[in-house]
Amino acid sequence: MEVEIGRGKKGRRAYGFDDIAIVPSRRTRDPDDVDISWTLGPYRFELPLLASAMDGVVSPATAAEVGRLGGLAVLNLEGIWSRYESAEHQLERIAAASPETATGTMQEIYREPVKPELIAQRVEEIKAQGVVAAGSLTPQRVTEHYETALEAGLDLLVIQGTVISAEHVSSKVEPLNLKKFIAEVPVPCIVGGCASYSTGLHLMRTGAVGVLAGVGPGAACTTRGVLGIGVPQATAIADVAAARSQHMLETGEYCNVIADGGMRTGGDVSKAIACGADAVMIGSPLARAEQAPGHGFHWGMATFHPSLPRGARVATLQDGTLEEILLGPAQENDGTFNLIGALRTSMATCGYEDIRDFQRAEVMVAPALQTEGKQLQREQSVGMGSNGRAAVATGVAVSDD
């Protein structure tokens, strides 16, 4: 339903995860009987989860660990790992920078050119661990670097930017023809992000096996403030999921919808699936892992843009392993540990047996869900009153911006 912004402008009401709740059905189920596996092209994964292509989250080593646990990690093939042989030194520099100098330090570090030989080396390091190798490239550089990655054994290619369209217009350069490019690439491709029905549908028509849904919801992203664009994540996922249904009617092909960003807790992950996602892509929850390469910091792919940074370096406390964050056991009661266990329990409590079944769950607008009856938790900043980060120590900066 549209609301009037002013006499000359109307707009839809949109919803984020905190605005909605999943409604339990008449049936319940044993969590052990819930199937959360999914397929992406020829690959089947036990966990409906991708680790974001961010340098503070995914290294070749963490990609191997996420793969071992049953998920998929995406390495940023234009990041520090593909610019420096000794990436660890640069990561330490970013972690040591003050809030006032962090953005400038990253801009300096990321001015180093991407080296094709390092792209190949990093992909080979992931493949050597026996897991599916996925890497991310921007539309501007994908034609320059994808062949190097493929020759090294890349299994999945993610073409990723803040916003991607299938109809890019430019008077200065020849735009990337996504449909033609994807048809010629011999590995499955994921494209994104997008946040609307029409853009999602056009991206699906390119032949991609997955579309990333989400513009600006990430913990380290400032796109919504810098550019003023974005769609609350629950609405964005539901709109792109509707495009998936239309695309399937047109072609008979199923395109996965991957919710990208904005998820802090197991409840957020569950709501993303209930809104229509097949899987989720997360960054900041995994930056908290002891194995994460960011040394307690997290930043996005546009944080270090040379002329218009659209992200902040955010701090977190590394106080759990990847396995504990994804599969438990949980050390906190705020939903930030055992994300997948929470998804299983949510599906079981509502009676759904697999991901596609759960996508049909009833949801309602429930802005009081986080606060109803929770006054003591709010006053004490525990549980649901901790905003999903109870274990972040007092005095640790949440954001640099």
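Working from label points 7 Å from Cα in the Cα-to-Cβ sense, the residue 345 to residue 357 distance is 2.0 nm. In a DSSP loop and with at most 12 other Cβ atoms within 10 Å, the trypsin sites (Lys or Arg not before Pro) in segment 50-127 are 111. One equal scatterer on each Cα of the chain, no solvent, Debye formula: the resulting log10 I(q)/I(0) at q = 0.08, 0.13, 0.15 Å⁻¹ is -0.40, -1.12, -1.54.
Of the GluC sites (Glu not before Pro) found in segment 51-157, those in coil by DSSP whose Cβ has at most 12 other Cβ atoms within 10 Å are 85, 100. Ligands, DNA and RNA are left out, and with a 1.4 angstrom probe the accessible area of segment 264-359 is 30 Å² per residue. Taking the centroid of alpha carbons for each part, segment 323-360 and segment 22-60 are 9 Å apart.
Computed over protein heavy atoms with a 1.4 Å probe, the carbon and sulfur contribution to the accessible area of segment 1-133 reaches 47%.
Our analysis of segment 1-154 gives Rg over Rh at 1.11, with the two radii drawn from alpha carbon positions and Rh computed by the Kirkwood formula.
Residue 317 sits with roughly 60 Å² accessible to a 1.4 Å probe, with DNA, RNA and ligands left out of the calculation. Below 8 Å between Cα atoms, with a sequence gap of 6+, how large is the relative contact order for the chain in percent? That works out to 21 percent.
A 1.4 Å probe, protein heavy atoms only, puts the accessible area of residue 98 near 40 Å². Every Cα-Cα pair in segment 119-168 was counted, and those over 19 Å apart are 28% of them. Estimated at the nearest 10 Å², the accessible area of residue 196 is 40 Å² with a 1.4 Å probe. Computed with a 1.4 Å probe over protein heavy atoms only, the accessible surface of segment 28-75 comes to 34 Å² per residue.
The values are calculated or read from the model by the stated rules, or taken from the named source; none is laboratory data. Fair warning: this is a prediction, and the values are worked out from it, not measured in the lab. Neighbour counts are summed over all protein chains in view; Cβ atoms, including those assigned to glycine, are modelled from backbone coordinates with ideal geometry. The accessibility values were calculated without ligands, DNA or RNA, using every heavy atom of the protein model including side chains. Shrake-Rupley method; radii C 1.70, N 1.55, O 1.52, S 1.80 Å.
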